[in-house]
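Input: a single structure, listed below in structure tokens.
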Amino acid sequence: MSKKVVIGNWKMNTTIDEAINLVIDLKEGLGDNSTIICVPYTHLGVVQEIVDDRIAVGAQNLCQYENGAYTGEISSQMLQSLGAEFVVIGHSERRTHFNENDETVNAKIKQALLSDIVPIICCGESLNLRQSGEYLPFIEGQIKAALGGVDKKAALDSIIAYEPIWAIGTGETASADQAQEVHAFIRKLLRSLYDEETANHMSIVYGGSVKPSNATELFQQKDIDGALVGGASLNASDFLQIINAL
Ligand code: PGA
């Protein structure tokens, strides 16, 4: 069965002091639950030192190359050496603002896997594609490209995040039915790319304006295994309520 998980994506937010306070608040309210937080590169070391085994730490990006003369870039090995266990790859904000494409996304996934870091692979359509009705073939293309050359063993523990671009940071969430339709489609696609076991084992989480008020309905859907949470993950109380909803 697929693992249920709520993942925080802090994006380019928090100073180091704010990050420490947020982690302290999360630890206080987490109880028996667990979560993953994807923090800015600069916070990885400090956050890793103060979390306990209920909180796994991830990054939000990595370089598609292994090492060498790539000024300003961060490699999968560097992330691994700081204890990062997860990395967000192919977020629409990176595709839009930093020219990432299906090819770089695939290369980054392979780099992550080389260092035993679990990729959280993002896909999702624009508003135009949603309105044109062409969103499912588009998402199929993104996932096929992302997973090209990724074998079953590596795919099994990878996480897919379906994040419709029109719902990210807009306050507008896909309805539970809209999200479930795409999640079921992705599950079926994974079955055809790999097999039944892989499709059932992989977590498919939803992202896009997830908040305490809509989390429960989303999580009740058969193929929604959790959430990738942006804005609401910066508020400990909201984030904890979403985790509780799961
Ligand atoms: P949001 O972001 O929850 O602020 O919409 C989600 C994401 O981009 O991962």
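Things to note:
- Residue count, the range 153-167 (criterion: more than 11 Å from the ligand (Cβ to nearest atom) and not basic (Lys, Arg)): 7
- Candidates Gly141, Gly149, Gly171, filtered to the one that is surrounded by fewer than 17 Cβ atoms within 10 Å (Cβ to Cβ), part of a helix (DSSP H, G or I) and either within 16 Å of the ligand (Cβ to nearest atom) or without any contact (Cβ under 8 Å) to a residue 60 or more places away in the chain (or both): Gly141
- Total residues in the range 219-239, condition near the ligand (Cβ under 10 Å from one of its atoms) and assigned to a loop (DSSP other than H, G, I, E, B): 1
- Residue that is within 26 Å of Glu217 (Cβ to Cβ) and either of a type in the set (A, V, I, L, M) or touching a helix residue (DSSP H, G or I) at 6+ places or on another chain (Cβ under 9 Å) (or both), where the choices are Ile168, Ile109: Ile168
- Selection from the range 193-213 of residues that are out of contact with any strand residue (DSSP E or B) (no Cβ under 7 Å at 6 or more places or on another chain) and within 14 Å of the ligand (Cβ to nearest atom): Gly208, Ser209, Lys211, Pro212, Ser213
- Residue list for the range 12-29, filter: surrounded by fewer than 19 Cβ atoms within 10 Å (Cβ to Cβ) and among the aliphatic types (A, V, I, L, M): Met12, Ile16, Ile20, Ile24
- Filtering the range 1-23 to residues that are in a helix (DSSP H, G or I) and free of Cβ contacts under 8 Å to residues at least 24 places away in the same chain leaves Asp17, Glu18, Asn21.
- Reported count of residues in the range 24-72, each being assigned to a loop (DSSP other than H, G, I, E, B) and touching a Phe, Trp or Tyr at 6+ places or on another chain (Cβ under 7 Å), is 3.
- Filtered residue count, the range 84-119, keeping only those that are part of a helix (DSSP H, G or I), of a type in the set (Gly, Ala, Ser) and in contact with a Gly (Cβ under 9 Å, 6 or more places away or on another chain): 1
- Check on Ile243, closer than 22 Å to Gln142 by Cα, within 15 Å of the ligand (Cβ to nearest atom), modelled with pLDDT of 95 or more and not small (Gly, Ala, Ser): no
- Which listed residue, of Ser81, Ser126, Ser115, is touching a residue at least 12 places away in the same chain (Cβ under 8 Å) and more than 19 Å from Phe185 (Cα to Cα): Ser115
The values are calculated or read from the model by the stated rules, or taken from the named source; none is laboratory data. Since the model is a prediction, treat every value here as computed from it, not as a measurement. Using ideal geometry, Cβ is built from the backbone for each residue, glycine included, and neighbour counts are taken over all protein chains shown.
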